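Here the structure comes first, spelled out in structure tokens, and everything after it is commentary.
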Amino acid sequence: MVSRAKKVTESSKAGQAKVSSGDSLPESVIGPAHIMRLIREVESLEESITQLKLVKNAATATDLPHVSKMLGAVAESKGLSLKKYADRQALTGFLHKLQQSPTVNITFATQPTEQTLRSLTQWFRTHGDSHTLLAVNLQPSLLAGCLVRTQNKLFDFSAQQKIVEKRSGLVAQIKETL
Amino acid sequence: MWVNNWYFMEWLLVGAMILSSIFAAVLLVLHIVTTMRSKKHANKNTVSEQQFTRRQQTEARQQSQEALQLAIKDNVAVLQRDVQAMSEKLTEHMKQEVSKTLREEIALYKKSATEVKAAALEAIRESTEVFQKQQGAIDTAIADSVAEEKKRLSENLDEKIADILQHYVSQVLEDQITPEDQLGEILAQLDQHKAAIVEDIQRGV
């Protein structure tokens with residue numbers, strides 16, 4: 001068990017060395033929840049492969065269990081093969097490293113579509129960091145627009161904020177009418 | 001002797017008595033005749049006297065009646081004059097008294113009316129002053145209350161207008177404005193704040 005842990009650690013280090021920090025993430029990987037899901041999937045995959053090895057005593061390509069498109073895309077984008085133990089460890093290390101990536105919390109009034117989130121993620125990864133993650137929240141009181149919170153700053157692009165900003169003018173108009 | 005005397009005396013007494021009775025009877029008859037004659041004569045005189053007296057009495061009565069009537073008339077006239085004079089004087093006196101009393105009463109009434117009028121005017125003036133003061137106080141209180149309510153409403157409006165409008169817009173729009181519809185606007189705003197966003201992201205890295 002200890003030897004396996006060491007092996008995983010070494011493999012992770014090797015994977016981290018193999019995965020360059022400048023590589024971009026697939027558009028389908030958007031937020032920390034996806035990263036967590038990918039980590040769990042890789043671990044599950046590792047477990048499955050280990051069990052298959054024990055049963056069939058062989059780790060061939062044909063024995064690889066089904067993996068999600070997201071995991072496949074991430075592995076492909078990093079040039080890693082899920083069939084190889086070292087690559088899987090490298091992918092695991094990469095995913096753990098991604099958990100430390102800058103995360104932008106973005107809040108909408110309604111649930112955005114996957115495409116919208118991909119477009120926004122693309123913008124942050126193009127202009128900010130290539131591994132930027134988006135944590136999506138919902139707040140119906142925003143009405144429209146969104147609320148963007150980075151590590152230290154808050155950018156309110158919501159309709160609620162616009163109403164508050166223009167409240168004095170609105171009140172003045174109402175008072176003039178009254 | 002003595003007996004003969006007695007007899008004699010007796011006879012004498014009887015004879016005397018008879019004689020006296022006869023005399024008395026004669027006297028009585030004479031008297032009656034005389035009386036009857038005198039009565040007859042007297043009756044004749046009495047009738048004439050009575051007739052005379054009746055005429056006189058009648059005349060006297062008439063005269064006395066006339067005199068009495070005249071006297072009564074005179075007295076009545078005098079009494080009438082007196083009564084009339086007295087009545088006129090009494091009427092005049094009553095008029096004067098009544099006029100005097102009326103004047104006094106009217107004067108008193110005027111005085112009382114003037115006093116009552118003055119008291120009423122004073123009461124009205126005081127009531128008006130009190131009413132004006134109270135009205136002023138009420139006006140001030142109402143104005144203050146209205147101003148306070150306006151201020152409260154204005155402040156409340158200032159505070160709540162954004163929430164009200166937001167609630168109204170959210171109910172009107174509901175899910176009609178989706179993030180997809182807003183994507184271009186969101187990207188434009190991100191571009192507008194790109195420098196600050198990118199700086200903060202890269203600082204986190």
Order the peptides B:28-35, A:48-55 from the highest to the lowest mean number of other Cβ atoms within 10 Å of their residues.
-> A:48-55, B:28-35
Which FRET efficiency, nearest 0.05, do B:Leu13 and B:Met36 yield, Cβ-Cβ r, R0 41 Å?
-> 0.75
Highest GNM mean-square fluctuation, chain B, Cα pairs closer than 10 Å: which of B:Ala147, B:Ala25, B:Ala77?
-> B:Ala25
Surface per residue (accessible, 1.4 Å probe) for the protein assembly as shown, Å² = 70
Interface A/B, total buried accessible area with a 1.4 Å probe, nearest 100 Å²?
-> 3200
Could you tally the net charge around B:Gln132, taking each other residue with its Cβ under 13 Å from the Cβ of B:Gln132, Lys/Arg +1 and Asp/Glu -1?
-> -1
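What FRET efficiency comes out for A:Lys153 versus A:Ala86 if R0 is 45 angstrom and r is the Cβ-Cβ distance? Round to the nearest 0.05.
0.65
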Per-residue mean of C-beta atoms belonging to partner chains within 10 Å, peptide A:166-174 = 3
Please report, in whole Å, how far the alpha carbons of chain B spread along each principal axis, starting with the longest.
-> 230, 59, 37
Gyration tensor over alpha-carbon atoms, the protein assembly as shown, equivalent ellipsoid semi-axes in Å | 174, 38, 18
Amide H partners (placed H, <5 Å) of A:Thr103, local residues excluded = A:Leu133
Apportionment of accessible area to carbon and sulfur, region B:57-205, percent (1.4 Å) = 57
If you count, for every residue in A:142-150, the Cβ atoms of partner chains within 10 Å of its Cβ, what is the mean?
-> 6
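The values are calculated or read from the model by the stated rules, or taken from the named source; none is laboratory data. On a predicted model such as this, the values are computed, not experimentally measured, just so you know. Positions of Cβ are generated from backbone atoms using ideal geometry, with glycine treated the same way; all protein chains shown enter the neighbour counts. Heads up: the accessible areas ignore ligands, DNA and RNA and are worked out on the full protein's heavy atoms, side chains in. Shrake-Rupley method; radii C 1.70, N 1.55, O 1.52, S 1.80 Å.
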